[in-house]
Amino acid sequence: MSPEPEEARAVFLTNARVVGADGSAPVDALLDGGVVVELAPRGELAPPGGAEVVDLEGRWLGPGLWDSHAHLDQWSLVRRRLDVGGATSAAEAAALVGARLREAPPAPGEPLVGYGFRDALWPDQPHRALLDAVSGDVPVVLVSADLHAAWLDSAALAAHGHAGHETGLLREQDAFAVSTAVSAVSDAVLDGWVGDAVAAAAARGVVGVVDLEMSFSLDRWARRVRGGVDQLRVRCGVYPHDLEAAVERGLRTGDVVPGTRGLVTVGPAKIITDGSLNTRTAWCHDPYPGLSGPGASGVASYDQGDLVAWMRRASSAGLVPAVHAIGDRANERALDAFEAVGCRGSVEHAQLLDASDVARFAGLGVVASVQPEHAMDDRDVADALWAGRTDRAFALASLVAAGVELRLGSDAPVAPLDPWVTMAAAVSRSRDGRAAWHPEQRIGARAALLASVDGQGLVRAGRVADLVVTEADPLAADDLRGFPVAATLVGGRFTHRTP
Ligand SMILES: [Zn+2]
């Protein structure tokens with residue numbers, strides 16, 4: 001596979017201020033052949049003939065943003081759904097459904113799908129009657145935040161083979177089956193929704209994502225780019241069930257997929273080695289409060305020998321491992337495996353770390369691929385389930401201080417695919433006006449930005465022309481949530497532009 005660089009008309013950006021540069025004197029920038037060819041004080045360069053000249057009127061020119069861990073198909077589905085995550089009772093969730101049905105009902109015959117409810121602490125019980133009262137004959141399916149429950153109205157119960165179910169609250173396999181069924185849309189429909197999500201990401205300054213969708217996405221992305229969804233660079237992860245097929249096709253991490261103008265590349269080989277915090281399955285050194293016996297400290301998904309063998313197989317075939325590890329024990333074993341194999345790669349999540357393992361990331365050259373907004377979602381859960389240990393949970397400042405290469409991501413749909421939200425969480429460790437959670441683990445805005453640009457640094461001559469234009473200086477912002485983006489360029493081509 002040979003690289004296929006972006007073919008784009010030269011662009012001459014005039015009167016820009018460069019994010020992170022000494023001083024804020026305006027500059028002009030010439031973009032051509034996909035890179036920043038020249039950067040000079042304003043007025044020193046002449047735009048070449050044929051170049052498109054764009055006056056940035058003193059706006060800020062920064063590096064384009066990456067989301068280093070996202071699930072694009074899932075995100076595209078979820079962003080069309082009703083978010084009931086804020087409901088504090090079943091009645092309130094039903095009211096949100098009613099409001100949506102009045103304001104924006106689904107097309108005739110289509111269900112209304114909502115997600116994110118957490119009923120453990122609700123004062124009332126989810127019941128189909130609550131939904132029936134607002135939904136009439138529209139099928140309504142609400143999927144719980146942890147995906148292990150689904151709450152249906154009578155129309156949806158009938159449609160999914162549970163007519164007459166007593167409460168309408170399905171659990172486990174029944175719930176999984178319903179949520180799988182409502183996620184099954186045609187390729188054409190899904191590509192359209194992904195196109196919307198990609199355009200929305202570009203409007204937030206995103207130039208690239210590592211797509212860790214669990215089904216092999218490379219061919220889907222090639223199809224989408226050919227169909228005009230071309231605002232992002234996409235690296236497509238490979239999971240264990242697809243590893244041998246990928247090796248057989250000769251796919252290596254970093255290879256450009258033909259026909260995608262360099263936008264779609266083979267991503268890392270992803271393997272999940274433990275569970276998650278909320279389900280008490282993240283694999284830890286210490287047991288979860290109140291649990292005892294096997295599994296009390298979480299769950300290892302693989303025998304260590306099998307993990308090492310799999311990583312060796314992937315890396316010897318040219319596929320760089322990305323190892324999901326959340327608990328401190330899982331992280332230790334992931335680092336042990338990187339050491340045994342002798343390869344580079346990333347640990348995905350790295351949520352709870354033993355202090356001695358922080359420096360090992362740097363020593364082994366393993367990237368910590370972290371999702372700071374999860375700390376805002378899970379701080380109360382962590383305080384409960386990792387009580388006495390949260391000083392080393394989401395330990396971003398410790399990682400930066402140890403010289404570890406940090407990459408930020410959203411894990412969308414778990415958190416929104418918006419790097420400004422992600423960076424805000426890393427910089428402030430607060431949300432919704434709450435006091436910062438372990439403020440000693442905050443990182444600076446510059447560190448957060450540098451962890452969000454795929455290791456490509458700030459804007460300078462010779463750099464790939466993946467850029468974001470903002471109204472203000474992100475390194476001087478009070479709050480990065482909702483930070484306004486004026487324009488985004490990928491390979492020197494505008495992928496978003498406010499009028
Ligand atoms: Zn993920």
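The values are calculated or read from the model by the stated rules, or taken from the named source; none is laboratory data. Keep in mind that this is a model prediction, so the values were computed, not measured. Methodologically, a virtual Cβ is constructed for each residue, glycine included, from the backbone with ideal geometry; neighbour enumeration extends over all protein chains shown.
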* To do: Filter the helices (runs of 4 or more DSSP H) completely within region 338-418 down to those with at least 2 residues that are more than 16 Å from the ligand (Cβ to nearest atom) and free of Cβ contacts under 8 Å to residues at least 12 places away in the same chain.
  => 355-364, 372-385
* Residues of region 67-84 that turn out to be more than 15 Å from the ligand (Cβ to nearest atom) and either closer than 17 Å to Val469 by Cα or in a strand (DSSP E or B) (or both), as a count -> 2
* Asked: Does Ile326 qualify as being out of contact with any helix residue (DSSP H, G or I) (no Cβ under 7 Å at 6 or more places or on another chain), within 16 Å of the ligand (Cβ to nearest atom) and β-branched (Val, Ile, Thr)?
  -> yes
* Structure fact -> Going through region 157-178 in order, the residues found to be under 28 Å from Asn278 (Cα atoms), hydrophobic (A, V, I, L, M, F, W, C) and touching a residue at least 40 places away in the same chain (Cβ under 8 Å) are Leu169
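Out of Val113, Val78, I need the residue that is modelled with pLDDT under 95, under 30 Å from Phe216 (Cα atoms) and either out of contact with any Asp or Glu (no Cβ under 9 Å at 6 or more places or on another chain) or among the hydroxyl-bearing types (Ser, Thr, Tyr) (or both). Which one?
None of the other options fit; the residue is Val78.
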* Answer yes or no: is there a residue in region 215-229 that is in contact (Cβ under 8 Å) with a residue 40 or more places away in the chain, in contact with a Phe, Trp or Tyr (Cβ under 9 Å, 6 or more places away or on another chain) and either basic (Lys, Arg) or buried (at least 18 other Cβ atoms within 10 Å of the Cβ) (or both). => no
* Asked: Regarding Ser135, is this residue touching a helix residue (DSSP H, G or I) at 6+ places or on another chain (Cβ under 7 Å) and of a type in the set (Ser, Thr, Tyr)?
  -> yes
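So, in region 318-337, how many residues would count as being farther than 29 Å from Asp383 by Cβ and part of a loop (DSSP other than H, G, I, E, B)?
3
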* Failed item in (1) of a type outside the set (S, T, N, Q); (2) touching a Gly at 6+ places or on another chain (Cβ under 9 Å); (3) in a helix (DSSP H, G or I), with Gly228 passing the rest -> (3)
* Asked: In region 308-323, which residues are within 29 Å of Leu385 (Cβ to Cβ) and either within 16 Å of the ligand (Cβ to nearest atom) or under 21 Å from the mean Cα position of the chain (by Cα) (or both)?
  -> Pro321, Ala322, Val323
* To do: Could you identify the single residue in Ala382, Ala402 that is closer than 19 Å to Gly444 by Cα and either out of contact with any His (no Cβ under 6 Å at 6 or more places or on another chain) or surrounded by fewer than 24 Cβ atoms within 10 Å (Cβ to Cβ) (or both)?
  => Ala402
